């Protein structure tokens with residue numbers, strides 16, 4: 001049997017895997033049940049029944065995704081067993097930056113949850129299974145996602161790898177050496193072998209079918225450190241053909257339910273409500289929601305009453321001038337937030353070409369002729385003017401307060417440099 005498959009975590013999962021074993025090997029059902037139970041870490045199926053399908057030698061984890069689309073809506077939660085707890089495999093930030101794990105968050109110690117809705121049940125299943133494959137890949141090979149800018153820069157040494165596709169960069173837990181993997185559809189094995197040899201890089205190939213699209217893409221692993229490659233080669237037999245198959249239990253539940261993992265329940269810690277968008281078009285305290293109305297993320301907000309076009313254009317000219325005036329680095333983030341918000345508001349307030357000319361829209365969108373603004377006092381004067389224009393043009397509301405707060409941050413950053 002394939003050692004890399006995620007072990008069945010319940011009696012139902014053992015029975016499900018047994019059906020596949022029976023079909024693939026053509027053996028009696030009772031033999032398939034025993035083989036499946038053995039794969040899950042039990043002596044036989046009777047032993048699994050006696051323990052209720054729970055093997056104390058493995059850690060049970062859960063992966064959840066939500067979907068909402070033309071076919072309906074729902075929540076999907078996969079239960080799998082791995083050899084180590086998640087915190088031993090990688091840190092929270094590393095888990096949330098792993099291959100196919102970026103859309104997920106560590107909701108609790110034993111539960112990963114996808115943040116934003118998918119469009120169908122099949123998409124939810126695909127994302128969950130890909131995330132599960134990533135976790136087991138990390139566990140088996142003792143790899144963690146490489147996250148630092150310095151580590152990411154090393155990707156450039158693989159820039160001319162023949163046929164490079166679907167790349168990912170990892171760091172070995174013990175040696176700290178960097179490990180590069182990609183999963184092309186049609187790997188150029190001869191060219192790759194020659195390239196690796198020329199660059200003094202070791203290359204690992206196996207019958208493992210990878211993470212990205214098992215059965216369609218073919219993974220190759222590269223590392224310049226010989227000792228690390230030796231460790232990877234020792235684990236390579238566990239990356240056998242068919243290793244992508246995840247034999248956990250998938251629960252389908254109503255969309256508005258939330259999964260409570262056993263660890264969270266044991267800790268008596270209540271879950272926060274899942275972030276959800278506001279009702280489109282519903283005004284709340286002088287503000288309207290906008291953006292993508294997708295489950296799992298909150299709405300953006302804008303003033304319900306629009307500012308005049310003249311004030312928008314005057315504000316845009318000042319923003320463009322400030323952008324070209326050499327503001328301190330600390331201004332970059334709040335300035336970008338202000339610019340994006342006001343750009344969104346203007347386009348939503350004046351969606352019709354009948355109210356605004358192409359020239360005016362172009363002038364607003366970063367093309368306004370900048371006014372010469374010198375560093376220091378003149379920058380502060382421009383910031384104060386923008387604040388005055390916004391308070392003149394908009395009624396008092398929370399979205400305006402948020403933008404004004406960021407403008408004050410810009411003012412403070414400039415003041416400290418005078």
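General remarks:
- Applying the criterion of being assigned to a loop (DSSP other than H, G, I, E, B) and at pLDDT 85 or above to the residues of region 210-219, the residue that is surrounded by the fewest Cβ atoms within 10 Å (Cβ to Cβ) is 216.
- Subset tally (residues that are in a loop (DSSP other than H, G, I, E, B) and surrounded by 12 or more Cβ atoms within 10 Å (Cβ to Cβ)) for region 258-276: 8
- Summed over region 235-257, residues that are farther than 30 Å from residue 302 by Cα, at pLDDT 90 or above and out of contact with any strand residue (DSSP E or B) (no Cβ under 6 Å at 6 or more places or on another chain) total 1.
- Verdict on residue 222 being buried (at least 19 other Cβ atoms within 10 Å of the Cβ), modelled with pLDDT of 95 or more and in the same structural domain as residue 86 (by the TED database): yes
- Flag for residue 112 being under 18 Å from residue 180 (Cα atoms), touching a helix residue (DSSP H, G or I) at 6+ places or on another chain (Cβ under 8 Å) and in contact (Cβ under 8 Å) with a residue 24 or more places away in the chain: no
- Residue 237 satisfies every condition listed in (1) farther than 26 Å from residue 122 by Cβ; (2) part of a loop (DSSP other than H, G, I, E, B); (3) touching a residue at least 40 places away in the same chain (Cβ under 8 Å) except (2).
- Filtered residues of region 147-181 (kept if modelled with pLDDT of 90 or more and under 16 Å from residue 101 (Cβ atoms)): 166, 167, 168, 169, 170, 171, 181
- Scan of region 270-304 for residues that are within 20 Å of residue 114 (Cα to Cα) and not assigned by the TED database to the domain that holds residue 337, ordered by number: 270, 271, 272, 273, 274, 275, 276, 277, 278
- Filter pass, residue 50 being surrounded by fewer than 17 Cβ atoms within 10 Å (Cβ to Cβ), under 31 Å from the mean Cα position of the chain (by Cα) and either modelled with pLDDT under 95 or closer than 27 Å to residue 123 by Cβ (or both): no
The values are calculated or read from the model by the stated rules, or taken from the named source; none is laboratory data. Please read these numbers as outputs of a predicted model, since none were measured by experiment. When we count neighbours, we look across all protein chains shown, and the Cβ atoms used for this are built from the backbone with ideal geometry, even at glycine.
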